[in-house]
Every structure is written in structure tokens, then in C-alpha cells.
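> Before I ask anything, let me first share the structure, which is written out below as C-alpha cells.
The values are calculated or read from the model by the stated rules, or taken from the named source; none is laboratory data. Computed from a prediction, not measured in an experiment: that's the story for all the values here. So basically every Cβ, Gly included, is an ideal-geometry build from the backbone, and we count neighbours across all protein chains shown. Note: accessible area is taken over every heavy atom of the protein model, side chains too, but ligands, DNA and RNA are not part of it. Shrake-Rupley method; radii C 1.70, N 1.55, O 1.52, S 1.80 Å.
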Amino acid sequence: MGRTCADCRRDLPRTSYTSNQYSKGEGLSRCAGCVHGHHVDVADSAPSDNGRYNASTRAEFTAESLSTPFASGAFRWVAKGRYTEGSRTGQACVCKWFKTGTVFEEDFFSLDIKAVAKALKIVNRFNQLNVFDKSIKINVPEVWTFDRSSGRWAGVKCLQEPFIQNYQKFNSNTGWTDTTRRWAQIMQALSHFSYHVSGGNDVLCDLQGGIYRDEVVLSDPVILSRTREYGVTDLGPEGISSFFSQHDCTGYCRPGWTRPAKPVQYFEPRMSTSMLRHTASVALSRPRHTVIIPAVFEEEEDY
């Protein structure tokens, strides 16, 4: 149950307040950030757009690249091609499409793009903090359709985006991370910041991509939300709690950033992306004061 902080006026979950402050009641409670003198520390200027776009209208993939994709997950294939029209002509790209029989294909396309749009807003604000010497960018996919000259792939929809070199994973949506690496520490700070800046409603995670000379480019980010509105990779409140049960602040986290008071581990931390298999309401039959943990399956790394 949320409550509006008497100082910063943000609608925050109960975990953003100390027990003493929460007991003061609506209109009087001050969140932990305000009590300790730390507010959302982002610049007031309009955020820049740190998206990395296709900037092209056509791409080509060989029959071999489509028949033997260089990466795949539980439900998607990933093939590498090359842009042939637009400002990225000649540069490498990838398309991601669903294997036959995937029942959530249409929703996944729209929710994937919705998650990227949310992630981009968070990253834009995080970059303004200048916590390190590179900027973070996010690949912004578009839904493309193979044309009639594509043989058996004609009419198949895919997510199209620029290729990322030196691909690596920094954290997952269940709390896994390898903080022995500097970049994983930075990405953990980004995930922590996302919870703080969203008022405890969202966590940007499952961060993966490539490190370039002046920037880091991410792809396929996951948003964990309290309303579970970002599709099968959004593990909801249990995912947020699980993530923070594994999170130890790094040197890139700010002391005033809010976090859940007593996070509980609902999911086993795994490097691969976890997805909800199903959500079943059994409220009338389950014992009181018990928690339902949704069944999950894992998606292998894309590339």
C-alpha cells in the first residue's frame, strides 16, 4: 500500500518509510530520502535522448543466417544481417523473431517496445548524474516484417535493431550479478537508481550489451513493476523484492537512494532471463498469510 510523502510528495510504497515515520499517518509521514536529506538527485534540465536507433528502412539477411541463427533463446531466434538503406547502410544489424507456436508473440512485441521506452527515460536521467566517464545508450527496436522476396520467412514479424559488439551480461531480472566487474557495479547502481527515481514502483534490470569507447549500449532491458505491466519478463513485486535481496550497494550507488526495507528472495538468482510461465489466482484455496510464487521458465542469452 502506497503513501504520499509529506515532503517530496512522491507516492511511495511502505518500504520507503521507516516504521516510525509510517506510523505518523497519511499527510505526516516523510520518506527515508527526505528524512536523511536526500532527494531525487537528477538534473532539472530536459533529458537528452540516449536511444540507438535503426536509422534505416531496409536490411538483408542471407538464407544461411536465417536457417542457422547465431543465437537463440527458449522462444526466439536471433539472426545477424546488414542494413542496405538509410544512414546505417553497410552496418551490422540483428532481427529477433519467435519460434513457431509461441502464444504471446503479439503482446511481446508491443510490451518489449514499451519496456524499452520506460528504460530509456530512466537511462536519460541516470546519465545526468555523471557517475562515470561513459554514457549509457539503449538499442531501440522496431517491428519489421520480412517482405515477399524472403521465401518462407515472408510476412514474419521481427524486432529489428543495430548489432552490438562484445556482448556481455551485467545483471538479470532475478538478482544475479557479478559485481567483481566494474561495469556490473555500474549497472547495479543503474538498477538501484531506477527503483529510487520511480518512487519504488519499478526496477530496470536484466542489463546486457556491449562496452564501446565512449558509451555502453544495452539491449532487451527488463522492467520489473509493482503492477506487472511489462509482460512475461516482468516478475512483479516478487521480482523487485528478489532483486534487492541480492543487491549490495556498490561505490556507484548514492547513500540517499531508497530501497525496500526487508526484501525477500522469491526467485533463485540466475544469469539467464526468467519469464513467468503463468499466473493463476488461487486466493480462495491457499492458506492465509502465504505467498504465491509464480512459476517461471528461463530464456537463454540472445547474443
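> Quick check on my filter: what residues within the stretch 128-149 are open to solvent by 30 Å² or more (accessible area, probe 1.4 Å) and of a type in the set (S, T, N, Q)?
Within the stretch 128-149, GLN128, ASN130, SER135, THR145, SER149 meet the criteria.
> Within the stretch 17-98, considering only helices (runs of 4 or more DSSP H) that don't extend past its boundaries, which have at least 3 residues that are modelled with pLDDT under 95 and within 28 Å of the chain's Cα centre (by Cα)? Can you show your working first?
Values: elements: 19-22, 32-35, 63-67.
Of the helices (runs of 4 or more DSSP H) lying wholly inside the stretch 17-98, those with at least 3 residues that are modelled with pLDDT under 95 and within 28 Å of the chain's Cα centre (by Cα) span 32-35.
> I'd like to check something: does the stretch 158-174 contain any residue that is closer than 30 Å to CYS5 by Cα and either outside any helix (DSSP H, G or I) or touching a Lys or Arg at 6+ places or on another chain (Cβ under 8 Å) (or both)? Before the answer, list the steps.
Pass one, the stretch 158-174, residues closer than 30 Å to CYS5 by Cα: 173-174.
Retained after the next criterion (residues that are either outside any helix (DSSP H, G or I) or touching a Lys or Arg at 6+ places or on another chain (Cβ under 8 Å) (or both)): 173-174.
Within the stretch 158-174 (the criterion being closer than 30 Å to CYS5 by Cα and either outside any helix (DSSP H, G or I) or touching a Lys or Arg at 6+ places or on another chain (Cβ under 8 Å) (or both)), the answer is yes, since at least one residue qualifies.
> Kindly list the number of the only condition in (1) closer than 21 Å to ARG152 by Cα; (2) modelled with pLDDT of 80 or more that fails for ALA115.
Every listed condition holds for ALA115 apart from (1).
Quick grid of which residues meet (1) of a type in the set (Ser, Thr, Tyr); (2) in contact with a helix residue (DSSP H, G or I) (Cβ under 9 Å, 6 or more places away or on another chain); (3) part of a loop (DSSP other than H, G, I, E, B):
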position	(1), (2), (3)
VAL217	no, no, no
ASP220	no, yes, yes
ASP234	no, yes, yes
GLY239	no, no, no
SER242	yes, no, no
THR250	yes, yes, yes
GLY256	no, yes, yes
ALA261	no, yes, yes
GLN265	no, yes, yes
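> Please specify each residue of the stretch 129-174 satisfying the condition of being polar (S, T, N, Q) and under 19 Å from the mean Cα position of the chain (by Cα). Don't jump to the end; show me each part of the working.
Going through the stretch 129-174, the residues polar (S, T, N, Q) turn out to be 130, 135, 139, 145, 149-150, 160, 165-166, 168, 171-174.
Residues satisfying the conditions are SER135, ASN139, GLN160, GLN168, ASN171, SER172, ASN173, THR174.
> I need a count of the residues in the stretch 197-215 that are in a strand (DSSP E or B), at pLDDT 95 or above and under 16 Å from VAL140 (Cβ atoms).
Of the residues in the stretch 197-215, 4 are in a strand (DSSP E or B), at pLDDT 95 or above and under 16 Å from VAL140 (Cβ atoms).
> Output the residue which, of all residues in the stretch 203-226 that are under 24 Å from GLY2 (Cα atoms) and touching a residue at least 40 places away in the same chain (Cβ under 8 Å), is surrounded by the fewest Cβ atoms within 10 Å (Cβ to Cβ).
Going residue by residue through the stretch 203-226, those that are under 24 Å from GLY2 (Cα atoms) are 203-205, 222-226.
In the following step, the residues that additionally are touching a residue at least 40 places away in the same chain (Cβ under 8 Å) were identified as 203-204, 222-224, 226.
Details: VAL203: 31, LEU204: 30, VAL222: 29, ILE223: 28, LEU224: 29, ARG226: 18.
The qualifying residue surrounded by the fewest Cβ atoms within 10 Å (Cβ to Cβ) is ARG226.
> Sticking with this structure for a sec: What number of residues within the stretch 175-196 satisfy the criterion of being part of a helix (DSSP H, G or I), open to solvent by 10 Å² or more (accessible area, probe 1.4 Å) and in contact (Cβ under 8 Å) with a residue 60 or more places away in the chain?
Step one: list which residues in the stretch 175-196 are part of a helix (DSSP H, G or I), which gives 182-196.
So of that shortlist, the ones also open to solvent by 10 Å² or more (accessible area, probe 1.4 Å) come out as 182-183, 185.
Okay, now just the ones that are also in contact (Cβ under 8 Å) with a residue 60 or more places away in the chain, so 185.
Of the residues in the stretch 175-196, 1 are part of a helix (DSSP H, G or I), open to solvent by 10 Å² or more (accessible area, probe 1.4 Å) and in contact (Cβ under 8 Å) with a residue 60 or more places away in the chain.
> Tally the residues that are open to solvent by 30 Å² or more (accessible area, probe 1.4 Å), at pLDDT 95 or above and of a type in the set (Gly, Ala, Ser), restricting the search to the stretch 227-256.
Number satisfying all stated conditions: 1.
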